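Below is one structure, written out as C-alpha cells; the observations come after it.
The values are calculated or read from the model by the stated rules, or taken from the named source; none is laboratory data. What you see is a predicted model, and the numbers here were worked out from it, not measured in a lab. In this analysis, Cβ positions are derived from the backbone assuming ideal geometry, glycine residues included, and neighbour counts consider all displayed protein chains. The accessibility values were calculated without ligands, DNA or RNA, using every heavy atom of the protein model including side chains. Shrake-Rupley method; radii C 1.70, N 1.55, O 1.52, S 1.80 Å.
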Amino acid sequence: MTAALEATGLGRRYGKHWALKDCTLHLPAGRIAALVGPNGAGKSTLLHLAVGLLGPSSGTVSVFGATPGDPKVRGDVGFVAQDTPLYPDFSATELATLGTKLNRRFDRALMLERLNGLNVAVDRPVPALSGGQRAQVALALALAKRPRLLLLDEPVASLDPLARREFLQALMGGVADEGTTILLSSHLLGDLERVCDYLVLLQAGRVQVLGGVDELVAQHRLLTGPLWTRDAGSINGVAAVVRQSHTERQTTLLVRTDDSAPAPGWPDPQWTVSDVSLEDIILAYLADAGAGTLPGPRNLHRVGGSA
Amino acid sequence: MIWLTWRQHRKQALFGLAGLAVLAAVLIPTGNRMRDVFASSGARGCLDALGGAQLVAFRAAQECNSTVERFADGYETWAYGGVLLMFLPLLAGMFWGAPVVAREVEQGTHRLVWTQDVSRTRWFLVKVGLVGGGVLLLATGYALLTNWWLWPLTRTLVVPMDYLIFDQLGVVPVAYTLFAVALGAFAGVVTRKVLPAMGATFVAFLAVRGVVEFLVRPNVMAPKEYRVATTTSEPMLPNPAKRDWVIDTAVHNADGSVKEPNGTAFCLRPPPGADASPPPGAAQGGRGGGCTAEGGYNLWTYQPSGRFTTFQLIEAGIFLVLAVALVAGTVHLVRRRLS
Amino acid sequence: MIEFHLDGHTKGATYLQLVQQVRQALRTGLLTPGDQLPKVREVSESLAINPNTVLKAYRQLEIEGLVEGRPGVGTFVRRTLAGPALANHAALRRDLEAWLRKARKAGLEREDVVALVETTMRATFQDDAAKGEIA
C-alpha cells in the first residue's frame with residue numbers, strides 16, 4: 001500500500017526545544033486519520049512539516065514518496081491552516097480566482113458550486129461571513145485543488161456545534177468520491193470517532209499511538225474485576241495495561257491485548273470484559289504519557305495493510 | 001501571482017498615485033511661478049552673466065549675490081519646506097515595504113498562499129518585484145517633479161551638493177525609496193508584525209541615511225581647494241554661478257596655520273595707477289585682519305559641482321546594493337525561517 | 001430510497017448500524033429488489049461519517065447477497081427479507097397497537113413496555129430455538 005504520508009525519525013527544533021522528536025509514522029493512502037494530542041504536543045508542527053511550510057531539523061518526511069513542497073507533489077497536498085486564515089478583503093469569488101491563478105489544477109466551478117450549495121454569499125468579503133461559512137470557504141478552496149492528501153489543522157476548533165457538523169459533512173462529502181487521504185487534527189473526540197478510521201496520537205512531541213481505528217478498538221478492552229496490582233502477576237493475554245483505577249475491592253483496567261480479537265471467555269471468569277470506544281482509548285493514552293509508545297508503527301503497518 | 005499582488009496592493013498603488021497627483025498640483029504651479037520670478041528678478045540673468053570661471057571678481061560676485069538675495073527672500077521657506085519631501089521614501093518603506101510580508105504573517109495568510117502550487121520564493125519575488133516596480137515608477141515621477149521644482153533654488157539659495165539638498169535631486173530619491181521598501185520588507189520578515197516592522201523601518205532608514213550622508217559622502221572623494229591671497233589688488237571670490245559645495249572657508253597664515261576659521265579676508269592693495277578706495281562690500285569680508293600678515297591666503301575647501309553626477313551615482317549605487325542585499329536576505333528568511 | 005440515521009447512544013460500529021437499517025427496511029418492505037441505496041457520498045455527507053464506513057456496510061450487505069454494486073451506477077437491492085409474512089404485517093400491527101393501549105391503561109410507561117417486550121421476546125425465541133434443535 002502506498003503511503004500518503006511517511007515520516008522517519010522526524011524532528012523539528014525551535015532553539016533548544018524539540019516541538020517534534022523522533023516521529024516515525026506511516027499514513028496509508030485513502031485513510032481519514034485523526035491527529036490527536038494535548039496542546040503543544042507537536043500537531044501543528046507535524047502538519048507544517050508535511051505540507052512543506054517547515055523543514056525538518058532531523059529525520060525525513062515524504063508525501064507520496066516526494067519531499068513536501070517538491071513541485072511534483074505540491075498540487076497533490078491541500079492544507080487548511082489553524083483558524084482558517086483568508087485574505088480579509090477578498091470575497092469567495094476572488095479567493096477562487098486566487099486558487100485558479102496560483103495552482104496548475106484548480107476546480108473553480110466546484111468551489112463556487114459547493115459554496116452556493118451552502119448558501120454562502122460568494123461576492124461578499126469574507127469578514128462579513130459567519131465563522132462557519134469562513135471555514136467552509138477555506139475548505140472549499142482546499143478541496144478545489146482536488147488534493148490527494150488533505151491536511152487540516154484544528155479547522156472546527158472555533159465553530160459552534162451546528163457549524164462544526166456542517167463542516168464535517170462538507171468535508172466527508174468532498175472527499176467521498178475521490179478517496180482523498182486526510183489528516184485532521186482536533187480535540188473533539190466525538191467528531192473524530194465518526195469521521196476517522198486511523199489514529200495518530202502525539203504526546204510531548206512523540207508518536208504515542210498509531211494505527212487503524214478498527215484494529216485499535218479490537219485490541220483494547222475494559223476489564224473489571226477483583227482488586228489487582230501489577231505485583232499479582234500479568235493477566236493472560238494482556239500486552240499492556242494502559243490505565244488502571246482501583247476501589248477497595250475492585251479494579252478497572254483498560255488493557256491492550258496480545259491478540260487483535262480476543263476470544264469470548266477471555267481472560268478468565270473473574271474479569272468482566274467490555275468493549276471500549278475510540279474515545280475511551282484516546283483518553284486513556286492521553287492521561288498517561290508513559291503508557292507505552294506501542295503499538296509501534298511497524299507493527300501497525302502490518303495491521304493497517306491487512307485491513 | 002501578478003493578479004494577486006495587484007489585488008492586494010491596488011489600494012496602496014492608488015494612494016501613491018493620488019499622493020503624487022497632490023504633490024504635482026502643489027509643485028507645478030508654485031514651480032512655474034518661482035521660475036518666472038527667478039527670471040524677472042534678474043537673478044537668472046546675472047548668474048548666467050558670471051559664466052563658468054572658477055573665481056570671479058569680488059565686486060561682480062557680490063552684486064549678483066544681492067540680486068539673488070532679493071529673489072531668494074520670498075523662497076527661503078519653500079526651500080526648507082521642500083526638505084519635508086525627503087521623508088517620502090521613508091513613508092514608502094513604512095507603508096508599502098513593511099506590510100509586504102508582515103501583513104501576511106500577521107493574518108496567517110502566508111499559510112494559505114504558501115500551500116498553493118506557486119513556490120514561496122516566486123511568490124515573494126513577484127510580489128516584491130511588482131511592489132518595487134510600482135514604487136520605482138512613483139519615485140521616478142516624484143524625483144522628476146522635485147528636480148524640476150528645485151532647479152531655481154539650487155542655482156541661488158542652496159547648492160545641489162549640500163546636505164539635505166543633494167538628497168532631493170538627481171536619482172538618489174529613487175534609490176532611497178527602493179532601499180526603504182526593501183528595508184521594510186526585510187523588517188517585516190524579522191518582526192512578523194506590521195507595526196513593529198514600520199517602527200524598525202523608520203529607525204533603520206534614518207540611521208543608514210545619516211551614516212551615509214554624514215560619514216560616507218564627505219569622504220567619497222577628497223575635496224578641492226581654492227587659494228586666494230589675502231593681499232591683492234584684485235580680490236576674487238568663488239563663482240556663485242558654479243554652485244560648488246563649499247565645505248570650509250578659512251583665512252590662513254603664510255605658514256599654513258589657520259588664522260581665522262570661518263571667514264574671508266582681503267587686504268586691498270591699490271592696483272598700479274588706481275585710487276585706493278575699496279570696492280563696496282569688501283569691508284565686511286575683510287574684517288580688518290587681512291593686512292596683518294604677508295603671504296596669508298583665503299582657503300576654500302569645496303566639492304566641485306562637476307562631481308554632482310559622480311556623487312549621485314555612488315550614493316545611488318550604495319543604496320541599490322543595500323536594497324538588493326536586503327531582498328536577498330528577505331528571500332533567505334522567507335524560505336528558511338517562516339512557517 | 002431510504003435515509004440513514006445514527007443512534008448516538010448505541011455503542012458499536014457505525015457500519016453495523018447502517019447494515020441493520022438496510023435489513024430493517026428490507027424486512028418492512030420499505031426497500032424492494034431493484035431499489036437503489038443512497039450513494040456513498042450522500043450518506044457520508046449527510047451523516048458526516050467516513051465514506052469507508054459506508055463502503056464497509058455496503059460490502060457487508062453485498063456479502064450477504066442482499067445488494068449488488070453496479071460500478072459507476074450505484075448499489076441496488078437484490079432481494080427482500082420481507083417474505084410472505086409481509087402481508088400479515090398490517091393485521092399484526094393492529095393487534096400490537098391494541099395491546100399497547102391496554103398496557104398503557106394498565107399503567108405501563110414506555111420503558112416498562114420495552115423491558116417487557118424484550119424479556120418476553122428473549123424467552124419466546126429461546127423456547128422456539130430449543131424446540132427447533134430438538135426437532
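The residue among A:THR247, A:PRO155, A:GLY99 whose Cα reaches farthest toward the positive pole of the charge dipole of chain A, with charges on the beta-carbon of Lys, Arg, Asp and Glu, is A:GLY99. Distance between the modelled labels on B:ARG336 and B:LYS193, one decimal in nanometres: 2.5 nm (7 Å Cα→Cβ projection).
The helix-based estimate of mean residue ellipticity at 222 nm for chain B, built from -39,500 (n - 2.57) per DSSP H run of four or more residues and divided by its residue count, is -19000 deg cm²/dmol to the nearest 500.
Rounded to the nearest 10 degrees, the inclination of helix B:194-211 to the longest alpha-carbon principal axis of chain B is 30 degrees. About its Cα centre, chain B has a charge dipole of approximately 1800 debye under the convention of +1 per Lys or Arg Cβ and -1 per Asp or Glu Cβ, with nothing else charged. Putting +1 on Lys and Arg Cβ atoms and -1 on Asp and Glu Cβ atoms, find which of A:VAL276, A:LEU189, A:ALA135 reaches farthest to the positive end of the dipole of chain A. The listed residue farthest towards the positive side: A:ALA135. Mean per-residue shielding of peptide C:51-64 is 3, counting Cβ atoms of other chains within 10 Å of each Cβ.
Each residue, A:ALA157 and C:GLN36, gets one label point 7 Å from its Cα in the Cβ direction; the gap between the two is 4.2 nm. On the basis of the beta-carbon distance and an R0 of 56 Å, B:PHE15 and C:PHE125 show a calculated FRET efficiency of 0.10. Taking 0.36 nm per residue of separation and subtracting the current Cα-Cα distance, fully stretching the chain between B:TRP148 and B:ALA325 would add 60.6 nm. In region A:1-141, taking the dipole from charged Cβ atoms about the Cα centre, the farthest positive-side position among A:THR84, A:LEU110, A:ALA121 is held by A:THR84.
Compared with the alpha-carbon gap, the fully stretched path from A:THR229 to A:THR93 is longer by 42.7 nm at 0.36 nm per residue. A Cβ-based charge dipole, computed about the Cα centre of the protein assembly as shown with Lys and Arg at +1 and Asp and Glu at -1, lands at about 880 debye. The orientation-averaged shadow of the Cα convex hull for chain C, equal to a quarter of the hull surface, comes to 10.8 nm². Pairs of Cα atoms nearer than 8 Å and 6+ residues apart set the relative contact order; for region B:1-133 it is 39 percent.
Applying 1/(1 + (r/R0)^6) with R0 = 45 Å to the Cβ-Cβ distance of C:GLU68 and A:SER245 gives a FRET efficiency near 0.40. With 0.36 nm allotted per residue and the present C-alpha distance subtracted, the B:LEU164-B:ARG269 stretch has 33.8 nm of extension available.
Relative to the longest principal axis of the Cα atoms of chain B, the long axis of helix B:172-191 makes an angle of roughly 40 degrees.
With contacts taken as Cα pairs under 8 Å at a separation of at least 6 residues, chain A carries a relative contact order of 19 percent. When the Gaussian network model of chain A links Cα atoms closer than 10 Å, the mean-square fluctuations of A:ASP83, A:ASP259, A:ASP22 top out at A:ASP259.
Amide H to amide H distances under 5 Å link A:LEU202 with A:VAL36, A:GLY37, A:GLN208, where only residues 5 or more positions off or on other chains count and H is placed in the peptide plane.
Summed over both chains, the accessible area lost when C and A associate is about 1200 Å², using a 1.4 Å probe. Here's how it looks for B:ALA229: its modeled amide H is under 5 Å from those of B:ASN298, which are all 5 or more places away or on a different chain.
Pairs A:LYS16/B:LYS127; B:LYS224/B:LYS259; A:LYS145/B:LYS127; A:LYS43/A:LYS101; A:LYS145/B:LYS193: which exceed 27 Å Cα-Cα?
A:LYS16/B:LYS127; A:LYS43/A:LYS101; A:LYS145/B:LYS193
Nearest-5 percent of antiparallel DSSP beta bridges in the protein assembly as shown? Counting DSSP beta bridges with both partners in the protein assembly as shown, the antiparallel share is about 75 percent.
On the beta carbon distance between A:THR60 and B:ALA254, with R0 = 56 Å, the FRET formula returns roughly 0.10. Ranking B:HIS252, A:HIS220, A:HIS17 from most to least accessible surface, computed with a 1.4 Å probe over the protein chains only, gives A:HIS17, B:HIS252, A:HIS220.
A DSSP coil position with no more than 15 other Cβ atoms inside 10 Å describes the following trypsin sites (Lys or Arg not before Pro) in region A:202-272: A:ARG249.
The Cα trace of the protein assembly as shown gives Rg and Dmax of 42.4, 162 Å, the first to one decimal, the second as a whole number.
Working from label points 7 Å from Cα in the Cα-to-Cβ sense, the A:ALA263 to A:GLU279 distance is 3.4 nm. When B:LEU153, C:LEU108 are compared by accessible area of protein heavy atoms, the largest-first order is C:LEU108, B:LEU153, using a 1.4 Å probe. Dipole magnitude for region C:14-77: about 60 debye, using +1 per Lys or Arg Cβ and -1 per Asp or Glu Cβ, origin at the Cα centre.
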